[in-house]
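Notes to accompany the following structure.
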Amino acid sequence: MTTEMTMPRRGAGAGGVRLRTAIAAAIVLARLKPGRLRRVLARCSRGARPASYAETLEVLEAVVAGSRRCASRYGCLPRSVAVALACRLSGVWPDWCAGVWASPPFSPHAWVLAEGRTVGEQAEAADLRPLMVVTVREGVRGERGGGAGGGAGAGGSGSGQTA
């Protein structure tokens, strides 16, 4: 058997060039300082509609399948940024969050939320404490969104919508 017969093609059927572009951009953006990353993502989120859980999960699975770095245990930041950017290419935006685990060990983590639920995480939103959140602006909902659960009240300085 050849490699082509045993290994699926990267990006095949799940987004191809657009997905690989979002992953490459995420890997570069993950190297930015936190405040600058938040500002860039806030600009990217403008004009999008909120992402549904199902479409965000589909994009997450495609990102993990398309990038070893994003699939790794320590790839949460580029993975979450790649999911947000790939969703944005479809006109939607999940809530992008960066913060810490609420229970020991208090390590840093980045994730996405859709419909108030963590996407692709073993933990619930209550197990995570966001320090920065970038959501879609929706008039009444406010900058952090109404359905982000108990962890969204991490303070106004990290809400992420000022550019």
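Here are a few things to note about the model shown:
- Surface share of carbon and sulfur [accessible, 1.4 angstrom probe, percent] for region 39-94: 52 percent
- Amide H partners (placed H, <5 Å) of HIS109, local residues excluded: GLY99, VAL100, TRP101
- Applying both filters, DSSP loop and at most 16 other Cβ atoms within 10 Å, to the trypsin sites (Lys or Arg not before Pro) of region 32-81 gives ARG46, ARG73.
- Think of a 1.4 Å ball rolled over the protein heavy atoms: region 37-139 then has 48 Å² of accessible area per residue.
- The GluC sites (Glu not before Pro) found in region 49-96 include none that occupy coil by DSSP while having at most 13 further C-beta atoms within 10 Å.
- Residues whose amide H lies under 5 Å from that of TRP93, counting only those 5 or more places away or on a different chain, are ARG49, ALA51; hydrogens are built 1.01 Å from N in the peptide plane.
- Net +/- balance of residues flanking SER103 in space, Cβ distance below 15 Å, scoring K and R +1, D and E -1: -2
- Rounded if a/c under 1.5, otherwise prolate or oblate - region 26-144, Cα gyration tensor axes: rounded
- Cα centre as origin, Lys/Arg/Asp/Glu Cβ charges: region 47-97 dipole, Debye: 240 debye
The values are calculated or read from the model by the stated rules, or taken from the named source; none is laboratory data. Everything numeric here is computed off the predicted structure, so don't read it as measured data. So basically every Cβ, Gly included, is an ideal-geometry build from the backbone, and we count neighbours across all protein chains shown. Side chains are part of the model used for accessible areas, which takes the heavy atoms of the whole protein and leaves out ligands, DNA and RNA. Shrake-Rupley method; radii C 1.70, N 1.55, O 1.52, S 1.80 Å.
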